[in-house]
Structures are given as structure tokens and as C-alpha cells.
1. As a test of the formula, what do you get for the chain when each DSSP H run with n ≥ 4 contributes -39,500 (n - 2.57) and the sum is divided by the residue count, at 222 nm and rounded to the nearest 500 deg cm²/dmol?
2. Find the relative contact order for the chain and round it to a whole percent, using C-alpha pairs within less than 8 Å whose residues are 6+ positions apart.
3. Roughly what would the spin-label model give for residue 78 and residue 29, points 7 Å off Cα along C-beta, in nm?
4. By how many degrees, 0 to 90 and rounded to 10, does the Cα axis of helix 62-75 deviate from the longest principal axis of the chain?
5. At 7 Å along Cα-to-Cβ for each site, give me the label-to-label distance between residue 55 and residue 19 in nm.
6. Mind sorting out which of [x] 7.2; [y] 6.7; [z] 5.2 is the real mean projected area of the Cα convex hull in nm² computed from the coordinates?
7. Antiparallel as a % of all DSSP beta bridges within the chain, to the nearest 5?
């Protein structure tokens, strides 16, 4: 299974969670939210936090792409874990 970790800040990575998932056979990939293209493939989506707020999408337009990625996951019945801003 492929896990896509979306980082809203370069210092807010999956950390220990990536290690645990990898040990259990998951393929883990981390992408900065601002680099999302909208065609990412994944089985599990993990969205991390950062110093911004979800209500600041006009200031941080990449949040719109991130929200669409969550909608895509929901439509496709994929698992999603949100941490901090990601929740």
C-alpha cells in the first residue's frame, strides 16, 4: 500500500509514523503541500500540520489543492489521517 504524507511545512514530516508504516510494509512518500499536482496516487493519505490555519486558504492557495485531495480520497473510499491542521 502506498501512503502519501502531505506536509504543510518542511519541518512537519511524518517522523516516527513513517518508520512505523515502513516497518509494516507500507511504501511511504512525503510531498510538500505546495508541490501537489492533483494527480497523486495513494492508498492512504496522511495530512500533517504547520504554522498556518485551514481558514487561510486565500493566503495559502495550496490548501485548496489539499482539500480537493481529501475529497478525492473520500470519493474513492481511501483512508485519511489528519494531524493538527490536517484534521
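What follows is calculated from the coordinates using simple rules that are stated; it is not laboratory data. Since the model is a prediction, treat every value here as computed from it, not as a measurement. Note that each Cβ is placed from the backbone with ideal geometry, even for glycine, and that neighbours are counted across all protein chains shown.
1. On the way: 2 runs with 22 residues, N = 87.
Mean residue ellipticity at 222 nm (helix-derived): -7500 deg cm²/dmol.
2. Values: 141 pairs, mean separation 30.7, N = 87.
About 35 percent, as a whole number.
3. Going by the 7 Å Cα→Cβ label model, 1.0 nm.
4. Helix 62-75 sits at roughly 50 degrees to that axis.
5. Each label point is offset 7 Å from its Cα along the Cβ direction, giving 3.6 nm.
6. Looking at mean projected area of the Cα convex hull in nm² for this model, the match is [z].
7. On the way: 0 of 14 bridges.
Restricted to the chain, the bridges split so that about 0 percent are antiparallel.
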